[in-house]
1. So what is the relative contact order of chain A, in percent, for Cα pairs below 8 Å that sit 6 or more residues apart?
2. By counting other Cβ atoms within 10 Å of each Cβ, how are A:180, B:104 ranked from fewest to most?
3. Compute the helix-to-body angle for A:265-278: its Cα long axis versus the longest principal axis of chain A, expressed 0 to 90° and rounded to tens.
4. Please state the Cα pair-distance histogram of chain A with 20 angstrom bins from zero: what percent is in each bin?
5. Set the Förster radius R0 to 56 Å, insert the Cβ-Cβ distance between residue A:392 and residue B:347 as r into 1/(1 + (r/R0)^6), and round the FRET efficiency to 0.05.
6. Ignore the peptide's own chain and count Cβ atoms of other chains within 10 Å of each Cβ in A:53-59; give me the average, rounded.
7. Taking each residue in B:65-77, count the Cβ atoms of any other chain within 10 Å of its Cβ, then average. What number comes out?
8. Using alpha carbons only, how many degrees (0 to 90, rounded to 10) separate the axis of helix A:118-129 from the longest principal axis of chain A?
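Quick note: the coordinates plus some simple rules give every number you see, no bench work behind them. Keep in mind it's a predicted model, so treat the numbers as computed, not measured. All Cβ positions, glycine included, derive from the backbone under ideal geometry; neighbour counts span all protein chains shown.
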């Protein structure tokens, strides 16, 4: 029996607790109020958006985010069962890995090596049927040529690896075979990750050796369409990996990496870093850059099922809308079987192929096609960009908060409008879509927009006369 | 004898042909790899602007014999005179490698050629800067290129082929002060597809002359007020030619660059944008003459004592709760606080009860 049970009658304890709470609660509320005020001011800036409708900047690209990656959740053509849903995403590129450990492409080794692309062809054909081009991550080591039979090990003979790459590229890009143009071949997938071999830049498991022999294989390809060959597809943008590849002397047509970053603004920083590193190699600065997987976390998360993921994706696209990577690949197209917290945009067919919120964000942002307009006053949480096309002015705003609870009422001002009557459309992704008529006599239109947690909205101004 | 002469002639020809080919190849290589000859300049679309209006500045390139892949344009200006609105690419540089960013007194963008087979060559416009005039000036106010401006050549003798930059200047007239507070941006001309104006190459200044000149006996003076270090922001001040543009770099972990203009009396002053932590710092001031285009440099060191400086101080005011915020923190604090108070009160009450 403890002291409470021994000495304190329950009624007295409850009474004292109640009285204490009654006295201190107002004080606590006041303190919390002040703390929140201070914390809010200390960590961020609210947005105060001004769109200069006559300050026209560069054209906006809306293709770079229509790229998607499918992980190896199942050792089969995973996209086929959700082809209709994938077509709806209007994909430009779809990336797959596990070419050599899931699709039984390679048998034997050395002079006895043989190739059977039939199973991989089925997966590639599905990608083509979706309207996309394939990005093939040349991975992992065929067991028949790998040291110890492990698919994350170097081969027993590097020339066998070169042959595997040669035959793969010849098969898909060769004019006498699948005859595909513009295919990206990426050497390995996340080579720095322990699960995929923990490759280094030196030693027995040297990625540069893996890459060099792959490049040797690519060089031997005959009578083929133009294809892109690159890497290193690391788990993040790492200077030592990028610089090592850039200075390796091997063929590098593109640079790739993965980004699982909670802060969307880091994507712009990464891009800036990459270009800064590459300035001593001017020819490399002009090559495509591919973020072949991206998301807010590399771990599975139920947030991938929510509007959090949609807002995050919009916020990342905002950061890369000007001067960003050539293509960014949302990871991933479809959940694995039985997953309730998977990365997929679409649920597994066994779970009803449910479309998650993130699925809808790409088409929503496509509305922003046109020429970019000058926007000032973005904040810490609410960011955005504006465009004009066919005299219709649009402003996209996204409220993304990593902690998931920020709300904001955003003052918005459009300046330098042609005076007249306008239809103002206010369209929230997953929310209301309203239209009002406004007379704007002095060329300035102002309004406030309440943005609840993790929301994306487009404000559209169309002159009616 | 005849055969001997023929043999000698044959041997000479045999040896000389590869030698001639080799040297010819070398000369061709030298011609292919041109010396750095690229210049950048910046030109406003008007010579004077009223306060509150936006000026469009063209950033122009003349590559000379060079083939340029990409250009990092880094601009500095007096943040008390101008507020940057945007910076984007232009016709001669169709790609943006790093998005345009504008800050207090700075604007940067990295632009590029379409690909290696179509490098930037010749003269023309590679970027456009829009800045709003904030306060009137007695002399032309300058926008200049920062030292980290870079032009990356393809297949040239050196990677950075930039040899000189030419700042631009404009006079800010009184104008409508109300335009500042209302943020109502006035109508600005939009760039059109008209032919590009040539770059005024003969007047460009070598980079070294702009940023590395030794201090000379001149109007430029530099003082640092060590008594004004509250919050880690010492007052850096001095004199210069009236209207001169002063670039002040405070070297710390992350160097801070500030641009100010000397007033009509030649006085100037500023403080670091971010508070400095305790330690010793070096400040380098470069003054650009408003008309002659010459520059001079002074430097000095100063120390900030312990206990002062560090992170920026955000002062709380008596304003109402901002329109933005998060309810999560409040809830967590409420739950935690309530639990602690109740637990504490019970504990106190029980203890008191036990002893009584």
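1. Worked out over chain A, it gives 17 percent.
2. Fewest-to-most ranking of A:180, B:104: B:104, A:180.
3. Taking Cα atoms only, the helix is inclined about 40 degrees.
4. The percentages, shortest bin first, are 22, 46, 23, 8, 1.
5. Working: r = 66 Å, r/R0 = 1.17.
After rounding, the FRET efficiency stands at 0.30.
6. Values: counts 1, 7, 11, 4, 8, 10, 1.
Neighbouring Cβ atoms belonging to other protein chains average 6 per residue here.
7. 2
8. 40
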